[in-house]
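Structure, as structure tokens:
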Amino acid sequence: MADGLDPGEREQLTYALDSRLGPHLEAATAAVREAERALADAQERRVAAEQAAAQAAYTSDPLPFMRQGVEEEVDGLARKTTEKKLRASYRFLVDRAVDLAAAEVQRYGDDRVADQREREEGVEACREAERRATRDLGAAQQMLERVRLAEQAARRGLEVLVARLSDPPQDA
């Protein structure tokens, strides 16, 4: 066995241990804090999505009425008795058909946007994000605990080293 522990060697060993393990402990702690923030954000988004869904007002869909109106105009066109009324009715029908076509295209686009928004920001998407954030936080906390256990093992090893070098056994 060696000559024992040199003066100041314990402090040097402790410093070396702290400087090598410190960044990992800090990174693990930061990961837990980030996971906690992500969970809090996910919970806030879920609550907001649930409130928005609960407060969403019913809106009437004008498209069925527009479709029916166009069909009624076509039927009415056949009953017109004069050329002037027939032409005027046709122009009105074309205007309504153009409005309906524009509304159908707009609805299709709006539906795609709404579907995408629901997939990304809807209640179920927010609940799933919260579940993921909860799992991530648990994993981060477990990782931090394992890092702390590694640090504790290194510190116990340092104590054993110091104890053994401070009080070397006497060879007889």
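Extension gain, Arg10 to Leu86: 0.36 nm times the residue separation minus the Cα-Cα distance gives 16.9 nm.
For the chain, the equivalent ellipsoid derived from the alpha-carbon gyration tensor has semi-axes of 81, 13, 9 Å in decreasing order. Across the chain, C-alpha contacts under 8 Å between residues 6 or more apart give a mean separation that, scaled by the residue count, equals a relative contact order of 50 percent. Between Ala27 and Val160, the modelled labels are 2.6 nm apart [label points 7 Å from Cα along Cα→Cβ]. With 0.36 nm allotted per residue and the present C-alpha distance subtracted, the Ala114-Arg20 stretch has 28.7 nm of extension available.
Values quoted throughout were computed directly from the atomic coordinates according to the rules given, and no laboratory measurement underlies them. Treat the numbers as computed from the prediction; the structure is a model and nothing was measured. Positions of Cβ are generated from backbone atoms using ideal geometry, with glycine treated the same way; all protein chains shown enter the neighbour counts.
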